[in-house]
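K.L.:
Just passing along the structure, written as structure tokens.
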Amino acid sequence: MKYITVIGLEVHAELSTKTKIYCSCKNSFGSEVNSNCCPNCTGMPGSLPTLNEKVVEYAIRMGYATNCTINPVCKADRKNYFYPDLPKAYQISQFDIPLCEHGYIDAVVDEEGNTKRIGITRIHIEEDAGKLIHSESFSGSLVDLNRCGVPLIEIVSEPDMRSAHEAKAYLDSIRAILQYLDISDCKMQEGSIRCDVNVSVMPEGAAQFGTRCEMKNVNGFSAVERAIEYEARRQMEILEAGGPISPPLGRPGGEELPAALQGGRPGLPLLPGAGPGGHCGAGGAAGGAPGHHPGAAGGKAAAVHEGNRPALL
Ligand SMILES: [Zn+2]
């Protein structure tokens, strides 16, 4: 049987503002650990966030550049979950009213300059979490909170891509726009851009998308391509064998994906969000087929803000 691969992407880009999103701590990579943090960005009792105007401006620039509607009124929402590098146990993000939505880009897909239009469901602003430090030189883990409160935009695409090549073309375009607007340094090696990849497959001619699985925090565009090819093949083999699609390897309760899918950097978690009610559900469960990818019609809110992510993304 011939199958169609359906791909949606969530890109997290750190913004290159001078200060963080909700306090005046420096937004810089590579500082001495725990030197750029305050009671505010670490969520101490009694501290109150103050929104950095530049973050809003940068996000709106991206919204205009991707043909989005800029909502004149939007709001912030609290997404609660505990993780050791998130001391206040919630992230300030945007849920039902993002800053920008309903856009698109025309990604160049071949050397002749042909383009494919890929929808942008939404762009919202949110804060990053800290980082855990693991080393064989000590037992346990240490935490660096410098990244707490670093501003992010999350760019959620429609499930409009049909191959790893198209996904790469989309990501190249998004990066080019971010660089042209001068709002993110786009340094992959410093984690300035991370990507969550949603993949499903369906038989050619099918009316409904298949069950999707999400691979989180894929760090590198060529790693995204390899992850899509791996996951699509995995799902096709399962369907050929008559079985239901289940989560791929990954935390919690699983193994990490092979290093080959992590840009050759073993230890980077690719998180499928496989916990109860996670990202690998029956088609339509997260918002109605065929719009079951994050941000697709009817399913965007639930998919973007499912509450059981094992890491801040
Ligand atoms: Zn701070």
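K.L.:
Going by what's in this entry, would THR5 be described as under 30 Å from VAL199 (Cα atoms), in contact with a strand residue (DSSP E or B) (Cβ under 9 Å, 6 or more places away or on another chain) and either of a type in the set (Val, Ile, Thr) or in a loop (DSSP other than H, G, I, E, B) (or both)?
P.N.:
yes
K.L.:
Here's something else I'd like to know. Kindly establish whether LYS131 is within 16 Å of the ligand (Cβ to nearest atom) and either in contact (Cβ under 8 Å) with a residue 40 or more places away in the chain or surrounded by 16 or more Cβ atoms within 10 Å (Cβ to Cβ) (or both).
P.N.:
Working: within 16 Å of the ligand (Cβ to nearest atom): yes; either in contact (Cβ under 8 Å) with a residue 40 or more places away in the chain or surrounded by 16 or more Cβ atoms within 10 Å (Cβ to Cβ) (or both): yes.
Yes, satisfied.
K.L.:
Of all residues in the stretch 207-250, how many are part of a loop (DSSP other than H, G, I, E, B), farther than 13 Å from VAL6 by Cβ and polar (S, T, N, Q)?
P.N.:
2
K.L.:
For the condition more than 16 Å from the ligand (Cβ to nearest atom), among the aliphatic types (A, V, I, L, M) and touching a residue at least 40 places away in the same chain (Cβ under 8 Å), what is the one hit in ILE92, ILE7?
P.N.:
On the way: ILE92 fails: more than 16 Å from the ligand (Cβ to nearest atom).
Going through ILE92, ILE7 in turn, just one is more than 16 Å from the ligand (Cβ to nearest atom), among the aliphatic types (A, V, I, L, M) and touching a residue at least 40 places away in the same chain (Cβ under 8 Å): ILE7.
K.L.:
Being in contact (Cβ under 8 Å) with a residue 24 or more places away in the chain and more than 21 Å from the chain's Cα centre (by Cα) is the filter; apply it to the stretch 48-83 and report the residue that is nearest to TYR170 (Cα to Cα).
P.N.:
The extreme case among them is ASN71.
K.L.:
Of the numbered conditions (1) of a type in the set (S, T, N, Q); (2) more than 16 Å from the ligand (Cβ to nearest atom); (3) modelled with pLDDT under 95, THR66 fails exactly one; give the number of that condition.
P.N.:
(3) is the only condition that THR66 fails.
K.L.:
For the stretch 11-47, which residues satisfy the criterion of being outside any strand (DSSP E or B), within 12 Å of the ligand (Cβ to nearest atom), out of contact with any Asp or Glu (no Cβ under 7 Å at 6 or more places or on another chain) and not polar (S, T, N, Q)?
P.N.:
LYS20, CYS23, CYS25, CYS37, CYS38, PRO39, CYS41, GLY43, MET44
K.L.:
Would you check which residues across the stretch 164-198 are surrounded by 18 or more Cβ atoms within 10 Å (Cβ to Cβ) and either among the acidic types (Asp, Glu) or in a loop (DSSP other than H, G, I, E, B) (or both) and list them?
P.N.:
GLU166, ILE183, SER184, SER192, ASP196, listed by residue number.
K.L.:
Considering only the stretch 102-136, state which residues are aliphatic (A, V, I, L, M), within 19 Å of the chain's Cα centre (by Cα) and not in a strand (DSSP E or B).
P.N.:
The one that is aliphatic (A, V, I, L, M), within 19 Å of the chain's Cα centre (by Cα) and not in a strand (DSSP E or B): ALA129.
K.L.:
So, one more: Working only within the stretch 19-33, note down all residues that are closer than 13 Å to GLY149 by Cβ and surrounded by fewer than 18 Cβ atoms within 10 Å (Cβ to Cβ).
P.N.:
Result: SER24, LYS26, SER28.
K.L.:
Scan the stretch 80-120 for residues that are aliphatic (A, V, I, L, M) and touching a Leu at 6+ places or on another chain (Cβ under 6 Å) and jot them down.
P.N.:
Once the filter is applied, which keeps residues that are aliphatic (A, V, I, L, M) and touching a Leu at 6+ places or on another chain (Cβ under 6 Å), the stretch 80-120 yields only LEU86.
The values are calculated or read from the model by the stated rules, or taken from the named source; none is laboratory data. Computed from a predicted structure; not experimentally measured. Positions of Cβ are generated from backbone atoms using ideal geometry, with glycine treated the same way; all protein chains shown enter the neighbour counts.
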